[in-house]
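Read through the structure below, which is laid out as structure tokens, and then see the notes.
The values are calculated or read from the model by the stated rules, or taken from the named source; none is laboratory data. All of these numbers come straight from a predicted model, not from anything done at the bench. Counting neighbours? That spans all protein chains shown, and the Cβs are built from the backbone with ideal geometry, glycine included. Note: areas computed on protein heavy atoms with side chains; ligands, DNA, RNA excluded. Shrake-Rupley method; radii C 1.70, N 1.55, O 1.52, S 1.80 Å.
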Protein chains: 2
Amino acid sequence: MLSSASKRICLSIRSRILLPRAATIYPAIFQQTLFQSTLTNNAKQLADIDHGKIRIQRSENLKSLVPIKDLIFGRTFADHMLEIEWNANQGWLDPIIKPYGKISLEPSAMVFHYSFECFEGLKAYKDKDGNIRLFRPDMNMKRFKKSATRLTLPDFNGDELLKCLKKLIRLDERWIPAERGYSLYIRPAIIGTQESLGVGATTRALLFIICSPVGPYYKTGFDAVRLLATTDKVRAWPGGTGDAKIGGNYAPCVQTQIEAAKRGYHQNLWLFGAEDEITEVGTMNCFVLLKNEQGGKV
Amino acid sequence: MLSSASKRICLSIRSRILLPRAATIYPAIFQQTLFQSTLTNNAKQLADIDHGKIRIQRSENLKSLVPIKDLIFGRTFADHMLEIEWNANQGWLDPIIKPYGKISLEPSAMVFHYSFECFEGLKAYKDKDGNIRLFRPDMNMKRFKKSATRLTLPDFNGDELLKCLKKLIRLDERWIPAERGYSLYIRPAIIGTQESLGVGATTRALLFIICSPVGPYYKTGFDAVRLLATTDKVRAWPGGTGDAKIGGNYAPCVQTQIEAAKRGYHQNLWLFGAEDEITEVGTMNCFVLLKNEQGGKV
């Protein structure tokens, strides 16, 4: 938000350069943080994700399945998780599948302060023959790479990560509900783990995938949801991050989401600008079907 | 960012209500997550922060001080940290000062996915008589509360938290550099810790404070920094979160910050809108001094 002071100033700056160009002096924090990964990347070949190097530590205490009627979205988790560490000197280390468990980070880890976090959401289904189905997971990998790049988190080979993901799903296959409308929700995420309060690109990161059996997100099931058109807060804006799937897009919307819910709506229809353009519905995508006055196709 | 599809639609919606108002049906995820804290808050009195209840676990292995010439901003941390847990049923639990150490969270903790994280930054100085000085810490507490509220993180008594903070600083007093230009940087933060992939208000949170001895942020010391006027990416926008000190404001700026650094600039001068209004410099505040043509006051 603009401060009232800056609103009053309204400087019109035509030049993109404010100070005369002198000898290039990178600030201390840039030298030590921002370029560390860039310089290292240029200097030598870093390892990419390699599904062939997966190590698997099976859980010795498999959990009891939760009856599907008791499932709450994103609260029950399967037995295993995938983890792949990254650092700016070596690149991606060997993937590991291990029992679902805690992540320990120092309180100075960058993910706790500056929102170095992006994620994906996709689902595994059982078809009527009992086969496991994913819906266009290559597109999730594509978006995941785009989100990571937007936040200067490390890029990776999406095909290799997808192969790792499939190994995890097969191992936790019993967690995929077979009933219609239910699935195993898969959550890949990357977080910045470097211990630093300087604002710059992280030199260490952790990619993990966890899985959660789920039913419909809303209690109304697949019936229509009620939307409150929202203009006082903005979900996405030109030059912002609305096109990337990053943590920072979510928490700021909850206050407005709660206000909508108090008034009896399921979600916000996020609008933007003088023309009330639609940017998103709640935390989801939306599709619009336009009909002509006779109810036919436009 | 607007999708090209939504740009083409450009619906002009005058009514704030899209569907006829029916019996209020809260979606499942709202019932289970969003309102849990609200309902509990209304139902009973929750505990606020109480500095009188601090428990102190002193470190048995004090670290060696780092020579100030070797300090990198935000990389060295004092011996102790403050932690205060919060949950929607009890409110704030007793504060604890303990040795600086790791935070363990499940991978489903909301802070890793949806950026439930806000923070503050202030400094403790030694004056020439050896007294510890803080600069308007009450204003930091005020902004911290505002940032937390913006993200539906729990509110708290700022005076009580400040008293807790002072206990921590006194315990780690030896980490406050006495040299001019150096100080102990204090970083309070609140993170959402509930294990849930549903997007809603967190029902559990952790407030922590860590401390780091620091010198000037830039190697140029207190000399002028070079700024690149930036308009293609936007740091703050009306209806957004630029007025709150939250994690989500930071990681999205690093890509542009790196581009500026590569061209020899210390930071971005973030501009917004048709009038190129100044919203912020890099990750800092900025002040503008306007002079008339004779170099005098405007």
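Tell me, how many Å apart are the Cα centres for the stretch B:187-260 and for the stretch A:147-212?
Computed from Cα coordinates, the inter-centre distance equals 23 Å.
Run down the lysines and flag those whose C-alpha is under 19 Å from the C-alpha of residue A:98, throwing out any fewer than 8 positions away in its chain.
Correct list for residue A:98: A:53, A:63, A:163, A:166, A:167.
Among the lysines, select those whose C-alpha is under 20 Å from the C-alpha of residue A:291, and discard any that sit fewer than 8 residues away in the same chain.
Residue A:291 reaches B:7.
With the Cα gyration tensor of the stretch B:51-214 giving a ≥ b ≥ c as the square roots of its eigenvalues, does the rule (a/c under 1.5 for rounded; else a/b larger than b/c for prolate; else oblate) give rounded, prolate or oblate?
prolate
Report the relative contact order of the stretch A:51-214, percent, no decimals, based on alpha-carbon pairs under 8 angstrom and at least 6 residues apart.
34
When all protein chains stay in place, what accessible area (Å², nearest 10, 1.4 Å probe) is found for residue A:284?
Here the residue's solvent-accessible area equals roughly 60 Å².
For the stretch B:197-298, which trypsin sites (Lys or Arg not before Pro) pass both filters: DSSP loop (anything but H, G, I, E, B) and at most 15 other C-beta atoms within 10 Å?
Here the trypsin sites (Lys or Arg not before Pro) that fit, given the DSSP loop and packing criteria, are B:263.
Rounded, prolate or oblate, given the Cα gyration tensor of the stretch A:67-115, with a/c below 1.5 counting as rounded?
The shape class here is oblate.
Counting only the backbone N, which residues of the stretch A:128-154 are under 16 Å from the spot 7 Å out from the Cα of residue B:263 toward its beta-carbon?
none
Roughly how much accessible area, to the nearest 100 Å², goes out of reach of solvent when A and B pair up, both sides summed, probe 1.4 Å?
10700
Which trypsin sites (Lys or Arg not before Pro) in the stretch A:65-115 pass both tests, a DSSP loop state and at most 16 other beta-carbon atoms within 10 Å?
When the trypsin sites (Lys or Arg not before Pro) of the stretch A:65-115 are filtered for loop state and at most 16 Cβ neighbours within 10 Å, A:102 remain.
Compute the relative contact order of the stretch A:220-298 as a whole-number percentage, counting only Cα pairs closer than 8 Å that sit 6 or more residues apart in sequence.
32
With a 1.4 Å probe and all protein chains kept in place, how much accessible area does residue A:125 have, in Å² rounded to the nearest 10?
90
Assign one of three labels to the stretch A:134-224, namely rounded, prolate or oblate, based on the Cα gyration tensor with a ≥ b ≥ c the square roots of its eigenvalues; rounded applies when a/c is under 1.5, prolate when it is not and a/b is larger than b/c, and oblate otherwise.
Prolate, since a/c reaches 1.5 and a/b exceeds b/c.
Please give me, ordered by residue number, the chymotrypsin sites (Phe, Trp or Tyr not before Pro) of the stretch B:68-102 that lie in loop per DSSP and have at most 10 other Cβ atoms within 10 Å.
For chymotrypsin sites (Phe, Trp or Tyr not before Pro) across the stretch B:68-102 that sit outside H, G, I, E and B with at most 10 neighbouring Cβ atoms in 10 Å, the list is empty.
Roll a 1.4 Å probe over the protein chains and send me the accessible area per residue for the stretch A:51-214 in Å².
Dividing the accessible area of the stretch A:51-214 by its residue count gives 40 Å².
Once the Cβ-Cβ distance between residue B:293 and residue B:223 is put in as r, and R0 is 22 Å, what FRET efficiency do you end up with, to the nearest 0.05?
0.25
Find the eigenvalues of the gyration tensor of the Cα atoms of the stretch B:220-298, then list the square roots of 5 times those eigenvalues as equivalent ellipsoid semi-axes, largest first, in whole angstrom.
Taking √(5λ) for each Cα gyration eigenvalue gives 23, 17, 12 Å.
Between residue A:66 and residue B:93, what's the calculated FRET efficiency when r is the beta-carbon distance and R0 is 25 Å? Round to 0.05.
0.30
List the aspartates and glutamates whose Cα sits under 18 Å from the Cα of residue A:245, skipping any in the same chain fewer than 8 residues away.
List returned: A:117, A:120, A:138, A:155, A:280, B:117.
Could you give the length gained on full extension between residue B:45 and residue B:178, defined as 0.36 nm per residue of separation minus the Cα-Cα distance, in nm?
That works out to 43.5 nm of additional length.
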